[in-house]
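Here's the structure, in structure tokens; my notes come after.
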Amino acid sequence: MADKPGTKDSVVTEALERFEQSSEGSEDNRKNYADDTKFARLADQWPDAIKKQRVQEGRPAHTINKMPAFIRSVVNESRQNKPSVQVSPVDNGADEEHAEVIGGLIRSIERNSRAEVAYNTAIDNAVTGGFGFFRIDIDYAHDLSFDMEAHVRRIPNALMVHWDTNTTQHDSSDWEYAFI
């Protein structure tokens, strides 16, 4: 018997199906991310068979890892040229004053969230392994309040994210779901 749309069971079933679809669709990307990270950060740069043979023969298998310096160079360049949200009035009801207010609210959210840490982590992960993420959460302002606040949050391990692999937009703005 199929689950009725909108029931708890149907939501769980749909989430499990999407998670499985994401896992299957991103398997190659995830493997490449892990391999690239081991190569760049852990200096695991010798193929296993060759390293094993060299060790058995008593030959050196040294690694001089130059990757962290290149990664730092790209990440530091992005820190110098920080991306930022620009709010522009674009429709009939919009004006410069409202755009400035909204821009100020966004800057306040970023400052209170320490968003630069989230952005830098995402960039570092992207340069090292091929992709990186941060998230925007909405949570209660205080324990005893119903006021809500937005926060930019860091995702330290990009492999924690499972995304909609049917995306067609260059910036993935057409994702229908993501799991963290």
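The values are calculated or read from the model by the stated rules, or taken from the named source; none is laboratory data. This one's a predicted model, so the numbers in the text were calculated from it and none came from an experiment. Positions of Cβ are generated from backbone atoms using ideal geometry, with glycine treated the same way; all protein chains shown enter the neighbour counts. The protein model used for the area step is the full one, side chains on, heavy atoms only, and it has no ligands, DNA or RNA in it. Shrake-Rupley method; radii C 1.70, N 1.55, O 1.52, S 1.80 Å.
Against the conditions (1) closer than 29 Å to Asn166 by Cβ; (2) under 23 Å from the mean Cα position of the chain (by Cα); (3) surrounded by fewer than 11 Cβ atoms within 10 Å (Cβ to Cβ), Glu27 satisfies every one except (3). Test Ser10 against the criterion of being among the small types (Gly, Ala, Ser), over 30 Å from Glu110 (Cα atoms), surrounded by 11 or more Cβ atoms within 10 Å (Cβ to Cβ) and touching a strand residue (DSSP E or B) at 6+ places or on another chain (Cβ under 7 Å), and give yes or no. No; evaluated as a whole, the condition is false for this residue. Every residue in the stretch 88-140 that is of a type in the set (A, V, I, L, M), part of a loop (DSSP other than H, G, I, E, B) and open to solvent by 90 Å² or more (accessible area, probe 1.4 Å), please. Matches in the stretch 88-140: Val90 only. I'd like to check something: does the stretch 147-155 contain any residue that is touching a residue at least 40 places away in the same chain (Cβ under 8 Å), part of a loop (DSSP other than H, G, I, E, B), surrounded by 12 or more Cβ atoms within 10 Å (Cβ to Cβ) and not aliphatic (A, V, I, L, M)? Within the stretch 147-155 (the criterion being touching a residue at least 40 places away in the same chain (Cβ under 8 Å), part of a loop (DSSP other than H, G, I, E, B), surrounded by 12 or more Cβ atoms within 10 Å (Cβ to Cβ) and not aliphatic (A, V, I, L, M)), the answer is no, since none of the residues qualifies. Of all residues in the stretch 156-168, none satisfies the criterion of being open to solvent by 50 Å² or more (accessible area, probe 1.4 Å) and touching a strand residue (DSSP E or B) at 6+ places or on another chain (Cβ under 8 Å). Among the criteria (1) surrounded by 16 or more Cβ atoms within 10 Å (Cβ to Cβ); (2) within 15 Å of the chain's Cα centre (by Cα), the one Asp171 does not fulfil is (1). In this structure, is Asp143 open to solvent by less than 80 Å² (accessible area, probe 1.4 Å) and of a type in the set (D, E, K, R)? No.
Taking (1) more than 25 Å from Val152 (Cα to Cα); (2) open to solvent by 90 Å² or more (accessible area, probe 1.4 Å); (3) touching an Asp or Glu at 6+ places or on another chain (Cβ under 8 Å) in turn, Lys82 satisfies each apart from (1). For Arg79, the conditions (1) at pLDDT below 95; (2) charged (D, E, K, R); (3) touching a strand residue (DSSP E or B) at 6+ places or on another chain (Cβ under 7 Å) all hold with the exception of (3).
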